[in-house]
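Bear in mind these aren't lab numbers, they're just calculated from the coordinates by the rules spelled out. In this text the structure is predicted, and so the values were computed from the model without any measurement. Backbone-built Cβ (ideal geometry, glycine too); neighbour counts: all protein chains shown.
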Amino acid sequence: MSELVSAQGAVKAASRWASLDLPELYQCVHCGLCLNHCPTYRDLRLETESPRGRIHLVKALADGRISLTPRFAEHIYLCLICRACETACPAGVQFGRIAEAARAAIGPPGSGAGRFLTRLFLNAILPFPHRLRLLIRALRFLQRSGLVALGRVFLPKRLWEAQSMLPPIPRHFFDPPEVLPAMGNRRARVAFLSGCVMSTLFSDVNEATVRVLQRNGCEVVIPRNQGCCGALNAHNGEVEAAKAMARRNIDAFLATGADYVLTNAAGCGAAMKEYGHLLADDPAYVHKAMEFARKVRDVTEFLAEIGLNPPPGHVPLRVTYQDPCHLAHGQRVRAQPRALLRAIPGIELVEMEASDRCCGSAGIYNLTQPEMSRRLLEEKVANIQRTGAQAVVAPNPGCMLQIRYGLKRAGLEMPVYHLLDLMDQAYQERL
Ligand code: SF4
Ligand code: SF4
């Protein structure tokens, strides 16, 4: 027995990928209960495109039984990191951590120029809010001048499709005063993550969110030194950049002394709740990261927790709700957004089939895996259509962009709202 153990140890020591030898890999009992919850397995019916199969592959790489090949990378990058397998798993396997660790070993997705551009975006644009805003301003200029139409001729098909998913970019970005007072009795002091996409493409939703918080007795602090949460970096093999972004946010937010750190983007919330894990090997930050993570709430989770001041207005609308993966599976927040929707007078909620199945957005997945993304989106649009709803509610920017795109492609005129948008309308109605 001891010989066997030492032989296994020797194999592991010989493996270049011993850093992938995660405790999560050994929690899997191979029961397969996650398989039918996995969108890629449901689509392809291949074990290698399932959570269990991917765990097996990562374990084999960590043990030195297989090598890191382009095929291995394809299996790992076809995963959406939707984390639907986590909520289905009776053994509590946190597959998202396994996938992120494997991607850190692989590096960014794709090859050639695509990989170079992804790396550039993740390392030289996203961590610098002013650079991201410059890029989005340039896109806004192209949109408004009509020059963007030339992209159909010059841009590779994938990039052209990516830009056509963008909404009309707003004239102004989210740039509020650093502190906004509570209305009525102050119930909490909260710090708000502006978000890279939310503060540019959805600045109106951020403004609505802050108004709703103020109406619910919150003093809202928006720290100037904050930046992107780093989720896209962590999901796409750039973990060191993700760590640097996490440290920046921890410093900026803890300095406010706020009771809570709030976000209206599900992906950001899930990533920030994991900062303690992300920085576990950083003795200077791990405790601060855990303190920070304890304060993080999705804004819907927070409003349900403190008890909503009932909105006085009326929003007559039949809606269906899309559970963002990183809210339902990543943060286990499902009931709270629905309770808030039902608290809006006039709203009728019609559930869709598989509301918690990924829409195919998944960060930059719709760019890196366009075929699988499109199939998942088509399934989502069909499910939406069957509800007979007049509008879709999806409290996450990626889902909003993706579902709008899918509805447009299907020729359906159906608005997609952020939940806080509808709540804000309900508070505005009688003012
Ligand atoms: S994270 Fe999503 S796509 Fe990846 S293995 Fe789990 S269920 Fe499948
Ligand atoms: S449900 Fe959990 S334990 Fe079962 S195969 Fe999937 S990951 Fe492994």
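Data table
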{"read-out": "Given the chain, longest segment not containing exposed loop GluC sites (Glu not before Pro) (DSSP; at most 16 other Cβ within 10 Å)", "value": "1-177"}
{"read-out": "Beta bridges by DSSP in the chain, antiparallel share as percent, to the nearest 5", "value": "10"}
{"read-out": "Relative contact order computed over the chain (Cα-Cα under 8 Å; 6+ residues apart), in percent", "value": "14"}
{"read-out": "Label-point gap, in nm, between ARG187 and ARG332 - each point 7 angstrom along Cα→Cβ", "value": "2.4"}
{"read-out": "In the chain, lysine pairs closer than 28 Å at Cα, eight or more apart or cross-chain", "value": "13"}
{"read-out": "Charge dipole (debye, nearest 20) of the chain; +1 at Cβ of Lys and Arg, -1 at Cβ of Asp and Glu", "value": "780"}
{"read-out": "Cβ-based charge dipole, the chain, positive-most Cα from ALA280, VAL212, PHE202", "value": "PHE202"}
{"read-out": "Burial ordering of ASP251, ASP424, fewest other beta-carbon atoms within 10 Å first", "value": "ASP251, ASP424"}
{"read-out": "Reciprocal mean inverse distance between Cα atoms of region 179-304 - Kirkwood radius, Å", "value": "14.5"}
{"read-out": "Isotropic mean projected area of the C-alpha convex hull, the chain (nm²)", "value": "21.8"}
{"read-out": "Most mobile listed residue (ASP43, ASP356, ASP323) in the chain, GNM with C-alpha springs under 10 Å", "value": "ASP43"}
{"read-out": "Label zone at ALA284 (point 7 Å along Cα-to-Cβ), backbone N below 15 Å, region 245-272", "value": "245-252"}
{"read-out": "FRET E, pair LEU68, ASP251, Förster distance 30 Å, beta-carbon r, rounded to 0.05", "value": "0.30"}
{"read-out": "Cysteines not pairable in the chain (beta carbon separation under 4.7 Å absent)", "value": "CYS28, CYS31, CYS38, CYS79, CYS89, CYS218, CYS359, CYS399"}
{"read-out": "In nm, spacing of pseudo-spin labels at LEU139 and ARG375 (7 Å Cα→C-beta vector)", "value": "2.7"}
{"read-out": "Estimated vicinal HN-Hα couplings, Hz - region 273-287 in sequence order (Karplus 6.51, -1.76, 1.60; Gly, Pro = x)", "value": "5, 9, 4, x, 6, 4, 9, 4, 9, 10, x, 6, 10, 4, 6"}
